[in-house]
Structures are given as structure tokens and as C-alpha cells.
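One structure below.
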Amino acid sequence: TNNIFNFSPSACHWLRQRIINNLPKSEDSKQVFSPRILLSRRKAMRRRVINEDELIKVLAPFGFVSYTLEEMSVEQQIRLFSQAKIVISPNGAGLANIIFSQDLTLIEMMTEPFDPMYFYLSKLLGFKYHLFNCASTSKQTNFSDVVVDTNKLQDVIERILNINLITKFSYV
């Protein structure tokens, strides 16, 4: 069973504010990030997006910028997620950073079987969550790289950006 519901949303919000308010004033504090984020896993050992270059080209006109968390300091990651409005990402530990976000829409790209961890965290924090099913590149689906149907994802992004009636959860 998933014990994420044992956490208090108010405790998560308190932790978020406490950490953000205590970030040091540095050059990183002046850095501005796009509120539309594509998390890259190109440096990861698994769950990479095989057609990431194509994905970046499709998302760029919508204002999405690709970020690789391995290239960022912890402070930069916190600031990135605190400014985020929409995050698109393959399933991975970097999504734990959504705790630093407010009023977020998360589109998690994943293969079957689905891991509901970030759905639960999104629900706990009151975020909008969309599960985007991707094709797996191997039989070990929970560790495999993925191929994103960029046309289908483009349709989803257009729907999210143009329609204000976004549900708290949708399967796309």
C-alpha cells in the first residue's frame, strides 16, 4: 500500500515555504526559469525518452524548455519547481521536486504497469495530474526507455492550454 496519504498537505506546504524562504541569496536566486518545463532524463540509465529531440521540437512552440536536473544544483531545482506551472516528465525521482510547486499541472509519461506515486503526491498537494501512456522499448517496462507519441501529446497540451475545464485527474 502507498502511505503517502499519511502526510498532511499543510505540513507539505509548510515545508515548501520553509525551504524556499531560507534559500540563500545568490546568483541562482536571480535565475528565471520557464514555467513550462520538460524534464529530461537523457543522462539517466533508464526511463529516457528515445525521441526526446522530436519531443522538444513539438513542445518548444508552447513555451516549454527542457531541463536536466543532474546539471542543476539543489537550489536551482527548488527554484525551477517553485516557478513551474506545467511539468512534463518521464517517471523518475526528480518528480519529488513537485513539493516545491504551487498550482501545478503534471503530465507524467510512463509505461505500464503504472506507478501511482506522483499521482498520489499530486492529489495530496491539490495539483492537476495527467498520466500519458508511452510505448516501452523493452519487456522490463518499469525500467525501460520510452517512446512518446508526440502528435498525441501535442493534442493533450493544446487541450490543457486552451480549455479551463481541467479535471484533477485524467488518463490520456
Report task. Hey, can you tell me all the residues within the stretch 92-122 that are touching a residue at least 24 places away in the same chain (Cβ under 8 Å), of a type outside the set (Asp, Glu), more than 20 Å from Gln17 (Cβ to Cβ) and surrounded by fewer than 18 Cβ atoms within 10 Å (Cβ to Cβ)? Result -> Pro113, Pro116, Met117, Tyr120
Requested in this report: All but one of (1) of a type in the set (A, V, I, L, M); (2) closer than 22 Å to Val148 by Cα; (3) surrounded by 12 or more Cβ atoms within 10 Å (Cβ to Cβ); (4) modelled with pLDDT under 95 hold for Met45, so report the exception by its number.
Outcome: (3)
Query raised in the report: Looking only at the stretch 14-35, which residues are open to solvent by 80 Å² or more (accessible area, probe 1.4 Å) and touching a residue at least 40 places away in the same chain (Cβ under 8 Å)?
Result: Val32
Requested in this report: Note down all Cβ pairs under 6 Å where the first residue falls in the stretch 52-73 and is farther than 9 Å from Leu38 by Cα, the second is among the acidic types (Asp, Glu), and they're at least six residues apart or on different chains.
Outcome: none
Query raised in the report: Within the stretch 121-159, how many residues turn out to be outside any helix (DSSP H, G or I) and β-branched (Val, Ile, Thr)?
Result: 4
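Could you tell me whether Gln76 is over 15 Å from Leu153 (Cβ atoms), among the polar types (S, T, N, Q) and open to solvent by 50 Å² or more (accessible area, probe 1.4 Å)? Spell out how you get there, then give the answer.
Working: over 15 Å from Leu153 (Cβ atoms): yes; among the polar types (S, T, N, Q): yes; open to solvent by 50 Å² or more (accessible area, probe 1.4 Å): no.
The answer is no for Gln76.
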Report summary line: In the stretch 131-158, anything at pLDDT 90 or above and out of contact with any Cys (no Cβ under 8 Å at 6 or more places or on another chain) is listed as Leu131, Phe132, Thr150, Asn151, Lys152, Leu153, Gln154, Asp155, Val156, Ile157, Glu158
Query raised in the report: Within the stretch 61-120, which residues are under 24 Å from Ala135 (Cβ atoms), more than 13 Å from the chain's Cα centre (by Cα) and part of a loop (DSSP other than H, G, I, E, B)?
Result: Thr111, Glu112, Pro113, Phe114, Asp115, Pro116
Report task. Scan the stretch 22-60 for residues that are in contact with a strand residue (DSSP E or B) (Cβ under 8 Å, 6 or more places away or on another chain) and assigned to a helix (DSSP H, G or I) and jot them down. Result -> Glu52, Leu55, Ile56, Leu59
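The values are calculated or read from the model by the stated rules, or taken from the named source; none is laboratory data. Every value quoted in this text rests on a predicted model; they were computed, and no experiment measured them. Virtual Cβ from ideal backbone geometry, glycine too; neighbours counted across all protein chains shown. Heavy atoms of the whole protein, side chains included, go into the accessibility calculation; ligands, DNA and RNA do not. Shrake-Rupley method; radii C 1.70, N 1.55, O 1.52, S 1.80 Å.
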